[in-house]
Amino acid sequence: MIFDDWRSWTLSKNDALLIAGPCSAENPDQLSTVAEHLQKLGVSIMRAGVWKPRTRPNSFEGKGIEALKWLQELKQRIPIKVATEVASPQHAEAAIKYGMDVLWIGARTTVNPFLVQEIANTLKGIDVPILVKNPINPELALWQGAIERIYNTGNKKVAAIHRGFSSYQKSKFRNTPSWQIALELKSTFPSLPLICDPSHIAGNRHMIFEISQKALDLGYDGLMIETHPNPDEALSDADQQVSLQGLSDTLDQLRFAQRHSSDALFISQLEQLREKIDQIDQELVEILSMRKQLIEKIGDYKKENNVTVFQLERWNEILNSRTDWGQSKNLSAKFIQEIYRAIHDESIRIQTEIMRKETEKK
Ligand code: PEP
Ligand code: MN
């Protein structure tokens with residue numbers, strides 16, 4: 001795995017890549033207090049933002065170069081790796097100059113291919129891991145593109161951070177997670193480590209545990225958790241940062257599932273179950289193909305009789321009856337409805353195609 005070499009020094013307990021630390025570097029004492037605590041917990045990377053992207057001007061915008069100097073000085077006293085956000089080529093240059101070990105590209109930067117390219121060019125040839133947060137909007141291609149721009153410079157020490165997506169709909173999250181988009185990213189780049197940032201997803205400290213656990217259960221490689229010695233007094237993101245004790249409790253309670261097991265019994269039972277699943281999936285595909293043949297017959301029949309493809313009453317009847325059947329078998333209504341929407345969309349597509357072909361012939 002391309003990531004193995006730098007993963008070895010970032011591995012914390014339980015094989016997870018743990019990063020914690022304040023949203024912003026505020027003063028040298030704050031940084032030392034956090035770093036000492038992380039060292040005790042075995043968390044080997046501390047995060048600290050020094051340039052803060054703020055929605056409105058006149059909020060705390062970070063301590064910039066001054067804070068980089070604090071971090072550089074702290075690294076001489078405490079053996080910890082430090083990660084910071086870079087949002088421009090100038091940031092990237094300064095972060096390297098002051099010895100930052102890991103850089104991340106924030107959500108507001110990932111949306112901008114020009115900027116990502118400039119940062120990638122600036123860092124070309126420098127051996128530094130770069131973590132790429134998802135863009136603000138739920139667009140897989142933008143996230144992929146930012147990662148490719150860095151890969152293309154020859155740097156393979158890249159990981160992705162899922163920090164949720166902005167949404168105009170009311171939600172219990174500050175930034176709604178799309179576990180699906182993040183897993184699709186992982187399937188395009190199978191060796192790309194995936195880290196979850198529960199802090200920016202939640203927007204409050206009460207949901208950090210639940211979101212982190214969900215990410216670990218989905219096989220995420222690590223977590224980035226905003227942590228502050230006195231969260232209520234934090235100069236940025238006060239609501240979502242956990243206290244030092246809060247971080248210890250969260251890490252204690254999290255269940256870090258093993259990705260693989262070498263237990264022979266477990267492996268053979270898993271294989272048997274997977275064989276059964278394969279068989280059932282083959283039958284499912286067979287049945288979908290039989291259904292498709294019927295759809296084609298119906299399409300021809302509607303065409304001969306000059307009847308429209310979409311029939312609202314029939315669609316309502318399908319949706320309701322299948323939902324009821326599903327519920328009697330303990331399958332959630334949402335799940336059945338999603339499946340039937342996909343099946344019905346495909347059926348409409350096939351029938352429309354039949355109609356179109358016929359019209360073209362005429
Ligand atoms: C941060 O990590 O403090 C930050 C600003 O993150 P994001 O880019 O996810 O908003
Ligand atoms: Mn923050």
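The values are calculated or read from the model by the stated rules, or taken from the named source; none is laboratory data. In this text the structure is predicted, and so the values were computed from the model without any measurement. Virtual Cβ from ideal backbone geometry, glycine too; neighbours counted across all protein chains shown. Just so you know, the surface numbers come from the protein's heavy atoms only, side chains and all, with ligands and any DNA or RNA stripped out. Shrake-Rupley method; radii C 1.70, N 1.55, O 1.52, S 1.80 Å.
Remarks
- Measuring only protein heavy atoms, the 1.4 Å probe finds V285 accessible over about 100 Å².
- Here the accessible area is traced with a 1.4 Å probe on the protein chains. For the chain, carbon and sulfur cover 51 percent of it.
- Computed from the C-beta positions of E346 and E286 and an R0 of 22 Å, the FRET efficiency is 0.85 to the nearest 0.05.
- Separation of the K329 and D127 label points, Cα + 7 Å toward Cβ, nm: 5.6 nm
- Mean-position separation - Cα centroids, the range 229-264 and the range 148-190, in angstrom: 20 Å
- When the surface is traced with a 1.4 Å probe over the full set of protein chains, M100 keeps roughly 10 Å² accessible.
- For the peptides 238-247, 263-272, the ranking by packing is 238-247, 263-272, with the highest mean count of neighbouring Cβ atoms within 10 Å listed first.
- Charge tally around R149: other residues with Cβ under 12 Å, Lys/Arg +1 each, Asp/Glu -1 each, net -1.
- Computed from the Cβ-Cβ distance with R0 of 30 Å, the FRET efficiency linking E338 to S243 stands at 0.15.
- Counted residue by residue at 0.36 nm each, then reduced by the alpha carbon distance between them, the extension gain from L270 to S166 reaches 33.6 nm.
- Accessible area in the full protein assembly, largest first, 1.4 Å probe, for R341, R291, R47: R341, R291, R47
- T84, T308, reordered so the largest accessible area comes first (probe 1.4 Å): T308, T84
- Two-site label geometry, S178 and K303: point separation in nm, points 7 Å out along Cα→Cβ: 3.6 nm
- Helix 28-41 axis, angle to the chain major axis (alpha carbon atoms, nearest 10°): 60 degrees
- Environment charge at A107 (Cβ cut-off 15 Å; Lys +1, Arg +1, Asp -1, Glu -1): +2
- Listed residue pairs exceeding 18 Å between alpha carbons, taken from K40/K75; K170/K334; K52/K75; K97/K124: K170/K334; K52/K75
- What separates the Cα centres of the range 18-71 and the range 92-142 is a distance of 18 Å.
- Approximate spin-label separation D15-N137, in nm, with each point projected 7 Å along Cα-to-Cβ: 3.9 nm
- Surface analysis of the range 208-362 yields an accessible area of 70 Å² per residue, using protein heavy atoms and a 1.4 Å probe.
- For a label point 7 Å along the Cα-to-beta-carbon line of S187, residues of the range 110-146 with backbone N under 19 Å: 138-145
- Potential lengthening between L294 and I318 on full extension [0.36 nm per residue; Cα-Cα distance subtracted]: 7.1 nm
- With the convex hull drawn over the C-alpha atoms of the chain, the volume per residue is 199 Å³.
- Chymotrypsin sites (Phe, Trp or Tyr not before Pro) within the range 125-205: DSSP coil, no more than 15 neighbouring Cβ in 10 Å: Y168
- Lys, Arg +1 and Asp, Glu -1 on Cβ, resulting dipole of the range 174-318 about Cα centre, debye, nearest 20: 520 debye
- Take every Cα pair under 8 Å whose residues are at least 6 apart in sequence, average their separation, divide by the length of the chain, and the relative contact order is 13 percent.
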